[in-house]
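Right, one structure below, let's go through it.
The values are calculated or read from the model by the stated rules, or taken from the named source; none is laboratory data. As the structure is a computational prediction, the values presented were derived from the model and not from experiment. Cβ placement follows ideal geometry from the backbone for every residue including glycine, while neighbour counts extend to all protein chains displayed.
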């Protein structure tokens, strides 16, 4: 019985620490997708930088335990996390107002697999929320793996005051089927749906300027309408996004004057409006 009481006591203590940390962060946003390959992490990184450029203090939490990509996208693959004597984890400071936590900064190598079941993943996410010195932030952008499994569920359970989820999809029907499940996932957990972003929405031909809908078009907007949630915008396929991501440089910064970067800015402004007007 004593051992059981000790476990419950530790859990309660951790939840108290998480609550205290999260109270210092104005808005907590969870980025999800129904399936992989839709560019969710790319959207998360550029959203974080866009919020930073609009004057915010921002944190990025990568809870993709098995396939973390945030470190590569931010050019911090060789950075390692450190902790103080009282076991407080210090995030990686990319700028004075942009902090990052990812399991990639705990692994020996980029080729090291994480072979964990659910309880271990939830414990790590709990530590990333409660034991990290996030400080005072305007936004915490949480990038989760595809689907509606352990990681996004853990985040929703550990942060009851989560401000909402942003769903990233692509226009083809297979992705849209999964994005609909993401909407229902959020609703079943009573987490607000901030809206849907349709990524990879058409390619502008560099030679003739004509738009080519490689994966159809308008599906994300239709899903948002069907489920009565906000449609946040379309982001086209952009070869420079791939190049900037591979080099660890956010597209919205490196190609700030492009049409696609402007569309990202418009989407970010819309997200801010929805989130900040709710409080």
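Scanning the stretch 93-103 for residues that are surrounded by 20 or more Cβ atoms within 10 Å (Cβ to Cβ) and out of contact with any helix residue (DSSP H, G or I) (no Cβ under 8 Å at 6 or more places or on another chain) turns up just one, 99.
Touching a residue at least 60 places away in the same chain (Cβ under 8 Å), buried (at least 21 other Cβ atoms within 10 Å of the Cβ) and more than 22 Å from residue 240 (Cβ to Cβ) - does that describe any residue in the stretch 34-46? Yes, the conditions are met somewhere in the stretch 34-46. Restricting attention to the stretch 70-92, the residues being surrounded by 17 or more Cβ atoms within 10 Å (Cβ to Cβ) and either out of contact with any helix residue (DSSP H, G or I) (no Cβ under 6 Å at 6 or more places or on another chain) or at pLDDT 95 or above (or both) number 9.
Within the stretch 181-207, if we keep just the residues that are over 18 Å from the mean Cα position of the chain (by Cα) and in a strand (DSSP E or B), the residue that is farthest from residue 225 (Cα to Cα) turns out to be 204. On inspection, residue 60 qualifies as under 12 Å from the mean Cα position of the chain (by Cα) and assigned to a strand (DSSP E or B). Of all the listed residues (107, 120, 137), the sole one being crowded, with 18+ Cβ neighbours inside 10 Å and either over 21 Å from residue 31 (Cβ atoms) or within 17 Å of the chain's Cα centre (by Cα) (or both) is 137. Here residue 64 meets each of (1) within 14 Å of residue 133 (Cα to Cα); (2) surrounded by 16 or more Cβ atoms within 10 Å (Cβ to Cβ) with one exception, condition (1). Going by the structure shown, is residue 195 at pLDDT 95 or above, within 26 Å of residue 174 (Cβ to Cβ) and surrounded by 17 or more Cβ atoms within 10 Å (Cβ to Cβ)? It is true that residue 195 is at pLDDT 95 or above, within 26 Å of residue 174 (Cβ to Cβ) and surrounded by 17 or more Cβ atoms within 10 Å (Cβ to Cβ). When the stretch 1-39 is examined, which residues are found to be modelled with pLDDT of 95 or more and either within 30 Å of residue 235 (Cβ to Cβ) or in contact with a strand residue (DSSP E or B) (Cβ under 8 Å, 6 or more places away or on another chain) (or both)? Those that are modelled with pLDDT of 95 or more and either within 30 Å of residue 235 (Cβ to Cβ) or in contact with a strand residue (DSSP E or B) (Cβ under 8 Å, 6 or more places away or on another chain) (or both): 21, 22, 24, 25, 26, 27, 28, 29, 30, 31, 32. Identify all residues within the stretch 160-180 that are at pLDDT below 95, over 10 Å from residue 32 (Cα atoms) and not in a loop (DSSP other than H, G, I, E, B); write none if there are none. Residues satisfying the conditions are 173, 174, 175, 176, 177, 178, 180. Considering the stretch 147-176 alone, what residues qualify as being in contact (Cβ under 8 Å) with a residue 60 or more places away in the chain, under 22 Å from residue 218 (Cβ atoms) and surrounded by fewer than 21 Cβ atoms within 10 Å (Cβ to Cβ)? Scanning the stretch 147-176 gives a single hit, 174. Within the stretch 247-262, being surrounded by 17 or more Cβ atoms within 10 Å (Cβ to Cβ) and not in a loop (DSSP other than H, G, I, E, B) holds for 251, 252, 260, 261. In a residue-by-residue description of the stretch 129-142, the property of being in contact (Cβ under 8 Å) with a residue 24 or more places away in the chain, farther than 22 Å from residue 219 by Cα and in a helix (DSSP H, G or I) applies to at least one position.
For the stretch 44-67, filtering for residues that are touching a strand residue (DSSP E or B) at 6+ places or on another chain (Cβ under 6 Å) and modelled with pLDDT under 95 leaves 0.
Among the residues of the stretch 81-125, those that are in a helix (DSSP H, G or I) and either over 25 Å from residue 52 (Cα atoms) or without any contact (Cβ under 8 Å) to a residue 12 or more places away in the chain (or both) comprise 118, 119, 120, 121, 122, 123, 124.
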